[in-house]
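Comments concern the structure below.
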Amino acid sequence: MVNRQRMTPSKDRHVTGLLITFEGIDFAGKTTQIELLIQALEDFSQQVLLVREPGGTLISEKIRRILLDPACKEMSSEAELLLYSASRAQLVREKILPALERGMVVICDRFYDSSTAYQGYGRRLDLEVIAQLNRFAAFGLVPDITFFLDLEPEKAAARQKERGTGEDRLESSSRDFFARVQQGYYQIADDRTRHVVTLDAKDDPEMLHQRIWIEVKSSIEIGQQKVDTA
């Protein structure tokens, strides 16, 4: 497995697994690509944990129901941000950190970049406050690879209409909101200190999978080489 020594704030825990996150607005095709990647990883003899945000634990799933409930339309942007962070903190502590410590590949359907894009750029909350909350709730973890599936909000809305799915509280937000979210993702992708891979979500799913697998397989092999020469 990868030989990444990522110290957490507790200062007595080392994580050596691989943390992969998928980002993008809904209906960009994250679920399809995650399923294909999990199959490829298992065929490559890797132990995989899949989690989602918000959710992934008993507590986090209860928070998810509140966040997405259309009846909670009066929720303030600040409360929304804090609830997402609370759900994330529980997920990281209960599921993600232990899996990474065991050397597993953790795939997260959304992580703290979603808070930056949705609550920072979409809701126009203070980006520095969000960055601090992200670090706190993630216990200092930074994804090894983030795949951003880029899809215009208009295309996403068309896909949703084709599938005939109802809207949750967040999906009922305005087109302007989602346009700001998309711009937020572009800003995140431009961060040169992070390994963010931008993919055109309109491309053929198998082609997208091959690009994703090349990135992930390379990271695994580099990590294994470091272990072998240590």
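Only the coordinates and a few stated rules stand behind these numbers; no lab work does. Just so it is clear, the structure is predicted and the values come from calculations on it, not from any experiment. Cβ coordinates were reconstructed from backbone atoms using ideal geometry, including for glycine residues, and neighbour counts include every protein chain displayed.
For the reader, a short list of remarks on this structure follows.
- Residues GLU53, GLU42 arranged by fewest to most Cβ contacts within 10 Å: GLU42, GLU53
- Within a Gaussian network of the chain (alpha carbon springs, distance under 10 Å), most fluctuating of THR193, THR146, THR21: THR193
- Net length gained if the chain between ARG159 and ARG194 were fully extended (0.36 nm per residue, minus Cα distance): 9.6 nm
- When you filter the trypsin sites (Lys or Arg not before Pro) in segment 20-105 for DSSP loop state and at most 16 other Cβ atoms inside 10 Å of their Cβ, you are left with LYS73, ARG102.
- Stretchable slack from GLU61 to ASP204, in nm (0.36 nm times residue separation minus alpha-carbon distance): 48.3 nm
- Per-residue Cβ neighbour counts within 10 Å put ILE188, ILE96 in the sequence ILE188, ILE96, beginning with the fewest.
- Choice from ASP200, ASP113, ASP43 with maximal GNM fluctuation in the chain (Cα, 10 Å cutoff): ASP43
- Value of [θ]222 nm, deg cm²/dmol, for the chain, DSSP H segments ≥ 4, -39500 (n - 2.57) each, nearest 500: -15000 deg cm²/dmol
- Linear extension gain, SER77 paired with SER173, 0.36 nm per residue minus alpha-carbon span: 33.3 nm
- Normalised by residue number, the volume inside the convex hull of the Cα atoms of segment 6-229 is 126 Å³ per residue.
- Among beta bridges identified by DSSP and lying wholly in the chain, the antiparallel ones come to about 10 percent.
- Links that overshoot a 26 Å alpha carbon limit, given the list LYS73/LYS161; LYS62/LYS95; LYS95/LYS155: LYS95/LYS155
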